[in-house]
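Visitor: First the structure, then my questions, so here it is.
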Amino acid sequence: MIADSAARLVDTAQALTDDDLCEASALPGWTRAHVLTHVTYAADSRTRLLWAARAGRIGQQYPSEQARAEAIEAGACRPAGAICADLDRAIQECLTAIREHPSQLWDAPAILLAGGRRPVRDVLPGLRRELEYHHVDLAAGYQPADWPEDFVATELSLVTVLMDRRADAPPMTLNGHGMLHIGTSPPVDVTGPPAAMLAWLSGRSDGSGLDPASTALPSIPPLG
C-alpha cells in the first residue's frame, strides 16, 4: 500500500516542469518544490530512524523544527529534475529500509519531531500520510477523491479522535462511513463521502461535498 502511494506521487512529480514546481501548492507559502522537498526529507528522516534502530541507537527524526525548515527552503531552489530524482531516491531507500527492518525491532524507540518518543513502527503510517496528504497538497491533479479507501477509513478514525481531544475543536464522533456527529450547541450531523469528510477535517477542503444538517459547517481548527 505504501509502495502504491509512493509510485503515484513519483509519477505525478516526474511530469512537472521547472515552471510547474515554482507555482503555488495548496499549502500557504509553499510552492510545489517545497512540498516535494519536504516529502523527500520526511522519507530520509524515517530511513535514518530505521537505520538507528538496527544499530541499537535511538534515532532522532530532525535536529529541530528550524533545521528542517531551513533544509526545505534550500532544497526547494533546485531544478525539477534534481528534486524529482531526489524524491524517488529517498522514497525507494525508505521502502527498502522498511522491507529489510528486523521484525523483532519494530518496537524499538525513536524520537519523532511531532510525536516525541515513539516505537519505530510509526514510520509506516507516518510515511503513508506524507505521501497521500502531500500528493493532494501538490495541487497537480490528485484529489481527496483519489485517496485509497483503506487510507481514508484509517485516517478518519484517527483524525476524529485527535479532534475530539482538542480544546479548540468541537467534540465529534464518527458514526460509520460518511456520518459525523459534532457536539456543538445545538449538535450537528454532517454527512457526505468519507474522502470529502477527511479532506475537510484535515484542512484540505472547505467542506464542499458535505451536507450539514444546519446552515453551516462548524469551524474546525488546523489539524497540525
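The values are calculated or read from the model by the stated rules, or taken from the named source; none is laboratory data. Every value quoted in this text rests on a predicted model; they were computed, and no experiment measured them. Ideal geometry is used to build each Cβ from the backbone, glycine not excepted, and the neighbour counts take in all protein chains shown. Note: areas computed on protein heavy atoms with side chains; ligands, DNA, RNA excluded. Shrake-Rupley method; radii C 1.70, N 1.55, O 1.52, S 1.80 Å.
Visitor: Got a sec? Charge dipole of the chain, +1 on Cβ for Lys and Arg, -1 for Asp and Glu; which of T47, T17, A90 is way out at the positive end?
Guide: T47
Visitor: Is the C-alpha gyration tensor of the range 1-69 telling us rounded, prolate or oblate? Criteria: a/c under 1.5 is rounded; beyond that, a/b larger than b/c is prolate, otherwise oblate. Please list the in-between numbers first.
Guide: Working: a/c = 3.42, a/b = 1.61, b/c = 2.13.
Since a/c reaches 1.5 but b/c is at least a/b, the shape of the range 1-69 is classed as oblate.
Visitor: Would you mind getting me the FRET efficiency between T154 and I58? Use the beta-carbon distance for r and R0 = 30 Å, nearest 0.05.
Guide: 0.65
Visitor: Further, regarding this structure: Tally up the carbon and sulfur contribution to the accessible surface of the chain as a whole percent, 1.4 Å probe, everything protein left in place.
Guide: Working: 5910 of 10870 Å².
Answer for the chain is 54 percent, counting heavy atoms of protein chains only.
Visitor: Sticking with this structure for a sec: Compute the distance from the alpha-carbon center of the range 170-220 to that of the range 41-64, in whole Å.
Guide: 36
Visitor: Provide the FRET efficiency to the nearest 0.05 for the A69-D122 pair, computing r from the beta carbons and using R0 = 22 Å.
Guide: With a Förster radius of 22 Å, E is 0.50.
Visitor: Moving on to the next point. Give the shape of the range 11-126 as rounded, prolate or oblate, defined through the alpha-carbon gyration tensor: a ≥ b ≥ c are the square roots of its eigenvalues, a/c under 1.5 means rounded, and otherwise the shape is prolate if a/b is larger than b/c and oblate if not. Walk me through the intermediate numbers first.
Guide: Numbers: a/c = 2.72, a/b = 1.81, b/c = 1.50.
Prolate is the answer for the range 11-126, as a/c is 1.5 or above and a/b outweighs b/c.
Visitor: Can you tell me what share of the DSSP beta bridges in the chain is antiparallel? A percent to the nearest 5 is fine. Please report the intermediate quantities before stating the final value.
Guide: Working: 14 of 15 bridges.
For the chain, the DSSP antiparallel bridge percentage is about 95.
Visitor: Under the Kirkwood approximation applied to all pairs of distinct alpha-carbon atoms, what is the hydrodynamic radius of the range 105-188 in Å? Spell out each step's value before the answer.
Guide: On the way: mean 1/r = 0.0666 Å⁻¹.
Radius from the Kirkwood sum: 15.0 Å.
Visitor: For R48, R117, R57, R129, give the ranking by accessible area with the largest first, probe 1.4 Å.
Guide: Working: R48 110, R117 160, R57 140, R129 75 Å².
Output order, biggest surface exposure first: R117, R57, R48, R129.
Visitor: Still on this model: Counting heavy atoms of the protein chains only and a 1.4 Å probe, report the per residue accessible area for the range 87-215 as a whole number of Å². Don't jump to the answer; show the numbers that get you there.
Guide: On the way: 6140 Å² over 129 residues.
Value for the range 87-215: 48 Å² per residue.
Visitor: If you place +1 on the Cβ of every Lys and Arg and -1 on the Cβ of every Asp and Glu, how big does the dipole about the Cα centre of the chain come out, in debye to the nearest 20?
Guide: Numbers: 18 positive and 28 negative charges, 187 e Å.
It works out to roughly 900 debye.
Visitor: Mind putting a number on the dipole of the range 31-148 about its Cα centre? Charges go on the C-beta only, +1 for Lys and Arg and -1 for Asp and Glu, and I need it in Debye to the nearest 20.
Guide: On the way: 14 positive and 14 negative charges, 76 e Å.
The calculation lands at about 360 debye.
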